[in-house]
Amino acid sequence: MNSTRVNHFNNSVGLRLGSRLQFIPEKGIDFDHFIDEGVRLLESEGRRDIGSMIPELRAKIAAIHDEHPLLARRLEFLETVLVVGMEPLLEKADNEIHFALLYAIAEVDLVPDVFPEVGYVDDAIICEIVLRRHAAFFERFCQARGIDWSALHPERDRRE
């Protein structure tokens, strides 16, 4: 994605996302709601062109690979799902993957990426939620492609 397009995402969608955050006492930030609102904003902006952002996404993945290998693998996987595909991807999953990938390269972040050790926590949480929400689809995708799903999937909720 060229810098103009990323900056447009940052300015138009990223800044408006901050106003959509819900802080719930005793629970913290409602990331599920944040993702839902991000997807709605992307849909209203017509932001669905993943192809133009692939070079920037791959550069980001390369830059974080050593310090955040699980996040890097998850971002690579989500990119692969969009690029390769397998079956008709549910629109909700498709939209959430787009949001997670765009969010990962956005300069406007809940926790700025420049903060050592914590800068990517928001990106990681968003990826984990998307993976959890569509785990059955992703597991089938992995089986069909010979990908080790156990190396990617979020830990099972201990309350289940």
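Coordinate-derived values only; no laboratory data. Computed from a prediction, not measured in an experiment: that's the story for all the values here. With ideal geometry, Cβ positions are generated from the backbone for all residues, glycine too; neighbour counts draw on all protein chains shown.
How would Phe137, Phe34 line up from fewest to most surrounding beta-carbon atoms within 10 angstrom?
Phe137, Phe34
Going by how many other beta carbons lie within 10 Å of each one, how would you line up Asp123, Asp32, Asp148, Asp109, fewest first? Intermediate values should be presented prior to the final figure.
Values: Asp123 25, Asp32 13, Asp148 9, Asp109 20.
Going from least to most buried by this count: Asp148, Asp32, Asp109, Asp123.
Can you tell me the order of 73-82, 35-44, 57-66, 94-103 when each peptide is scored by its average per-residue count of other Cβ atoms within 10 angstrom, highest first?
On the way: 73-82: 19.9, 35-44: 17.8, 57-66: 14.7, 94-103: 23.0.
The most tightly packed comes first, giving 94-103, 73-82, 35-44, 57-66.
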